[in-house]
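Please read the structure below before turning to the comments.
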Amino acid sequence: MKYLRLISILMMVFCLQSLVFSQSVSITVKDAPLSKVLSEIRKKTGIDIIGEKKLVDAAKLVTVNVKNIQLSELLRQLERQQEQTIGFSLRDNTIMLRKLEIRPVTKTADRQQYVCFAGTVTDSLARPIQGVTVRITGISKVTAIARKGNFSFGNVESDATVGFSCVGYFPFEVKASVLSSIPVGQIRSFGSTKVLRVRTCEYKVILSFAADRLEEVEVNTGMFSRKQESFTGVTKTYSGDKLREVNRTSLLEALNTLDPSFKLIRDNNLGSDPNQTPKIEFRGTRGVPEVPDGTAGNSQALRLRYEQDPNQPLFILNGFEATLKDIIDLDINRIQSITLLKDAASTALYGPKSANGVVVVEMMRPKPGKLQIGYTTTGTIEAPDVSGYNLMNSQELLAFEEASRNKDENFLETYKESVKHDFRANQVAKGVNTDWLNVPLRNAYSMNHSLNIDGGDEVFSYLAGISKQNNKGVMKGSSTSSMSGIMQLSYRKDKFNISTSFRINDSKSEGSPYGSYSTYTGMAPYFAKFDAQGNLNTDRYLVDEEIQFVRFPNNSERYQVANPLFNAQLPFKNVTNILQFTNNLQLQYDIFPWLRFSAGGQFQKNQGTADFFLSPLNTMFDDKPVLEKGNYSYSKDKSTSYDGNAMLTFNRVIANKHIINANLRGSVTSNYSDNLNIAAIGFAGSADPLIFLANGYAPSSKPNGQETISRSLGLTGSINYSYDRRYNMDFSYNRSGSSSFGVENPFKDFYSVGLGWNIGNEKFLKKFQFVDIFRLSGNVGITGNESAGGFGSRTTYRLNNETYRLSETINLVNLANPNLEWASTLKYSYSLTSSFFKGLFGFTLSGFYDKTDPMIVQLPKPPSLGISQIPTNIGRLTTHGMELTGNVRLIQSKDWTWNLGLQSTVFLRSKYSGLGDKLADFTEAARKSNFLLRFSDGGGPYDIWAVRSVGINPADGQEILLTKSGAYTSNFNVENEVMVGTSRPKTEGVINTQVRYKLFTLSLHCRYIVGETKFNTALYNKVEEAYDVYPGDKNYDRRAFYDRWKNPGDDVAFLGVGIQPQGMSDRFLLSENALFFESVGINYDFNTLLKKVKMSKLGIKRLNVSLNLNNLFRFQFSNIKLERGLEYPFSRRVSFQISTSF
């Protein structure tokens, strides 16, 4: 029953095929002009009509009275009524008119020469280009759409101009007489376009693809579209093909590679864990980072839902707001395009949710035409990357232990450690040197499948699909999988267009039973993982011996080392299940050709559970009472949301100079959610992982949950004006209200103003033929961050399952701040966009300055209030930066294409102001957690603070530090902390290149990093923290043995053995300069070969094979040895894909 709705939807698809039938039409007219009849046919069928206007005007009047007649029969009637002077033909959903009689010629001087003109439009790989606009401009004007790359005209005046244009390709215009002068069988070049005359009246037009031109033609804001040349906002659009070229499995990873504004913040603890919550920054941050307090609980337990990150961008999916989970679960093979809205002019439309930028995702839409089936399979091989670990072998660790031993006077301690040492020495003598790093790891193999079906006609079209994704992690047992189905229906008739979509997704995430990877990186190598018979050792303890003290017979102690492999094979549960259903409905009605009404609604329902169980036999419970062994955590979450909007769109061109686009949109959203949490303990050793078998609730714990209702509404108006395609202006206004900001400030106004100048369209530049685009724009506006407020303006309570004087009791959870203001960001932005020599070279330079004032910070409060913190408006944060993107086409020929590109964050800086000492508690908490960020005026969320270190004194092995004034000292004092670096690179970017040879394409994306300051965890935890008296029970970095001070005169970088570091100095901070191959893509296009091998007879229309390699190579130009992936290792990935359609 689990997939009943999904199966039902898919069954509907096959029923839809019966709805595809031949076009029929009903028309009744008497003595009407032919133009009227043709207009009626166009309205009733949606079919394009191509013909000379003067031919139609000169036609005889017609009388038609037909009902549900085949269109082809109606055309024959019209042809008979014209007495065979006009011919009508139907081809590829296009009616073509032509003059049948031969034009008499009297005198050469009076004769108008005509040429016949038909053929196909293809790209440089001989693939037909759909949707090409073909314009004939002469005495008569004719425009047609070559929907499948085919076009056909009757008589075309020889002095007419023939033009071809299509999104993503360079436009081409030429005189018809020039085309007719090309000898049959020869090819002629016209700049970047080539034309082959196949036969007398048949031509093959080969348009040149303009790199990234698709992204520069039209901007999809998620509400409406704007022409890029008239839009003043900074945006970037990537086609689905471009995304898949970079990464075949992860949409977020692809965006991180392609665009400098979109940055995935890597968590060195979680590595490549497939279940981790991605952290995203869009053009920097607009808030105070969270300080870890060490109270997060067991990090192994998977979370049911992603926490609301106040720095996360807004996601729009097919016109409606979406969650990060929605985006992660998308099948990347179904994505049509993604548009990033970066500045105020493009994001202020979304008012209170737009301060962090907007990501607009468009899925594939139904395509009219014959039934088509598409299938894509993606295989992934993922290998763990443990190259960053530099651990001791058993001999080194034993020698390190002996060098570290302190001659303690306590006999019991020295005797106990001597016994342990004898065991370790005996293991080394046996040659035991276990590599524990690979024990919980595997090479993960995954297969994903996607099946799509679409078809229909110009009136009714449909698309349905199902996909199965299963992404296994490199730690054994970890994975994330999903099963999803989608169905889209579209109906277009005359002025009316309605579409609906149904989407269902069932996802499951599982954590590894092997626990944290740090357990294995810390295992000493002289503990054997195999028993005497050569089998994997799954005993409870790797060592279990009793130490008997001879001189004190009544004293004894067990020497035990827990075996993680024993814990890994116990009953275990760490799984989340989430079922989501989404239904969208959108409609459009063209009131007038220049005025459109549109409306939409979305219903979404989610339900999820999370279970985390640890067996009572786990060694972590050895010291627990019997009734507290084992634990089970359970969460259940449900949510229902509604989203509705209505919009009027005005679009008009006045006097061929003034272009006006205006929109007025209203929206309303409502979301209800409730969740339940239970923590139970005490299980029998043989108990199954079932929560009702628990002995009781966890200490100081009871079942708890919450219900939340949030609502928001908004009114948005925008206008775009362009004069003569040279001067542009944008203005948008949004007024929004939200329950997150109640009582005193429920509403807030947001706006943006932008100006643009298409310098390339000025007369003084048009004479320079090498200038394609040269556009300057700038804008300013106010945007908001609704997620930063939570429900801080409202007091909330928790109900207790207790009574007092027959009344229910409550606990105060959150104290209201009725004057809490909206977190608003003032944005300034500018950009320069250019393209030269028909796309041979181009670049875009964009800069921004964001000022968030005020910020919202959860300030800690005294425990006597009964609450720990309260949201407060405090301080300001300014962020400014610059981005550069560029591309150059080095080679363009029939067989070869070579493009080179750059996407770079030139710089990114942030700074606090207006904080005073209000966040002093944050700074103190950061110091206690070894968190290197500080919260004071003049600093920023990326700045790293530490006491400066000169190095290790060769005389005594102690550290020499610097005071703030630069004086030497041996005493560590936090008052001497200064800003020593930044956690973001001084500059970084991606250099990409694409090389095509015939049907083979190779793409490379290499990321470079310059000047990124990193805290070397290995140095602190596994080198200098190795000061234990007897460190032999766990392993350490090899530098703890080889590179520490030992004798006077040693010139080394680390403290002497047994000397505890006084505090965090900049010796543990290293500046990284690196270059690594983030993506390598290889593709082979079999489409051109299909006809040659006659595979098309088997029904195969398209076949592509590709290979992607992600994070395969890494080169460091600085001497940094970092442990990468502390709790979960990083990985290298290879993906291959086969995509075909029938």
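The values are calculated or read from the model by the stated rules, or taken from the named source; none is laboratory data. Since this is a predicted model, take the numbers as computed values, not measurements. Reconstructed Cβ throughout: ideal geometry from the backbone, glycine too, with neighbour counts over all protein chains shown.
Mind listing just one residue for me: the one in segment 722-744 that is more than 20 Å from T708 (Cβ to Cβ) and not in a strand (DSSP E or B) and, of those, modelled with the lowest pLDDT?
Checking each candidate, the answer is E744.
A quick yes/no check of all residues on (1) farther than 21 Å from L614 by Cβ; (2) of a type in the set (D, E, K, R); (3) modelled with pLDDT under 95:
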| position | (1), (2), (3) |
| --- | --- |
| N471 | yes, no, yes |
| S482 | yes, no, yes |
| Q488 | yes, no, yes |
| R492 | yes, yes, yes |
| R503 | yes, yes, yes |
| Y526 | yes, no, yes |
| D531 | yes, yes, yes |
| N535 | yes, no, yes |
| Y541 | no, no, yes |
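Going by the conditions given, is K573 of a type outside the set (D, E) and in contact with a Pro (Cβ under 9 Å, 6 or more places away or on another chain)?
Yes; evaluated as a whole, the condition is true for this residue.
Could you figure out which of (1) farther than 30 Å from D1033 by Cβ; (2) polar (S, T, N, Q); (3) surrounded by fewer than 18 Cβ atoms within 10 Å (Cβ to Cβ) isn't true of S507?
(3)
Out of E83, E73, report the one residue that is at positive phi, modelled with pLDDT of 65 or more and not in a strand (DSSP E or B).
The match here is E83.
Considering only residues that are at pLDDT 90 or above and not in a strand (DSSP E or B), look in segment 956-966 and name the one that is nearest to the chain's Cα centre (by Cα).
K964
Are any of the residues in segment 926-934 touching a strand residue (DSSP E or B) at 6+ places or on another chain (Cβ under 8 Å), basic (K, R) and part of a strand (DSSP E or B)?
Checked segment 926-934: no residue is touching a strand residue (DSSP E or B) at 6+ places or on another chain (Cβ under 8 Å), basic (K, R) and part of a strand (DSSP E or B).
Can you tell me which residues in segment 349-401 are surrounded by fewer than 16 Cβ atoms within 10 Å (Cβ to Cβ), assigned to a helix (DSSP H, G or I) and in contact (Cβ under 8 Å) with a residue 60 or more places away in the chain?
A399
Search segment 391-411 for residues being at pLDDT below 90 and among the polar types (S, T, N, Q), and hand back the single one that is farthest from R1124 (Cα to Cα).
Among them, the one singled out is N410.
Just for segment 880-908: of the residues that are at pLDDT 90 or above and either among the small types (G, A, S) or touching a His at 6+ places or on another chain (Cβ under 6 Å) (or both), which one is surrounded by the fewest Cβ atoms within 10 Å (Cβ to Cβ)?
Per the stated criteria, the residue is G886.
Could you please tell me which pairs satisfy a Cβ distance under 9 Å, a separation of 6+ or placement on different chains, a first residue in segment 691-708 that is small (G, A, S), and a second residue that is exposed (fewer than 14 other Cβ atoms within 10 Å of the Cβ)?
Matching pairs, first to second residue: G696/L627.
Looking only at segment 382-401, which residues are under 30 Å from the mean Cα position of the chain (by Cα) and not polar (S, T, N, Q)?
The answer is E382, A383, P384, D385, V386, G388, Y389.
Which numbered condition trips up G1011, out of (1) of a type outside the set (A, V, I, L, M, F, W, C); (2) closer than 25 Å to N1111 by Cβ; (3) out of contact with any Pro (no Cβ under 8 Å at 6 or more places or on another chain)?
(3)
Considering only segment 809-849, state which residues are part of a loop (DSSP other than H, G, I, E, B), in contact (Cβ under 8 Å) with a residue 60 or more places away in the chain and not aromatic (F, W, Y).
Within segment 809-849, A816, P818, N819, L820, E821, A823, K838, G839 qualify.
For segment 481-501, which residues satisfy the criterion of being within 28 Å of P274 (Cα to Cα) and either touching a Phe, Trp or Tyr at 6+ places or on another chain (Cβ under 8 Å) or crowded, with 21+ Cβ neighbours inside 10 Å (or both)?
Within segment 481-501, S482, M483, S484, G485, I486, M487 meet the criteria.
Of K1022, K1014, K1046, which residue is part of a helix (DSSP H, G or I) and of a type in the set (K, R)?
One residue alone meets the criteria, K1022.
When the residues of segment 977-1009 are narrowed to those that are among the polar types (S, T, N, Q) and crowded, with 20+ Cβ neighbours inside 10 Å, which ends up farthest from the chain's Cα centre (by Cα)?
Q994
Within segment 548-558, can one find any residue that is within 30 Å of L437 (Cβ to Cβ) and at pLDDT 90 or above?
no
Results for (1) assigned to a strand (DSSP E or B); (2) modelled with pLDDT of 75 or more; (3) of a type in the set (S, T, Y), shown as yes or no for each residue.
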residue	(1), (2), (3)
M11	no, no, no
C15	no, no, no
F21	no, no, no
S26	yes, yes, yes
K30	yes, yes, no
V37	no, yes, no
I49	yes, yes, no
T63	yes, yes, yes
K67	yes, yes, no
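Any idea which residue in segment 136-170 is modelled with the lowest pLDDT, counting only those that are aromatic (F, W, Y) and closer than 15 Å to A118 by Cα?
Among them, the one singled out is F153.
When G939 is evaluated against the numbered criteria (1) surrounded by fewer than 16 Cβ atoms within 10 Å (Cβ to Cβ); (2) over 28 Å from the mean Cα position of the chain (by Cα), which criterion, by number, is the only one it fails?
Checking G939 against (1) surrounded by fewer than 16 Cβ atoms within 10 Å (Cβ to Cβ); (2) over 28 Å from the mean Cα position of the chain (by Cα), the one that fails is (1).
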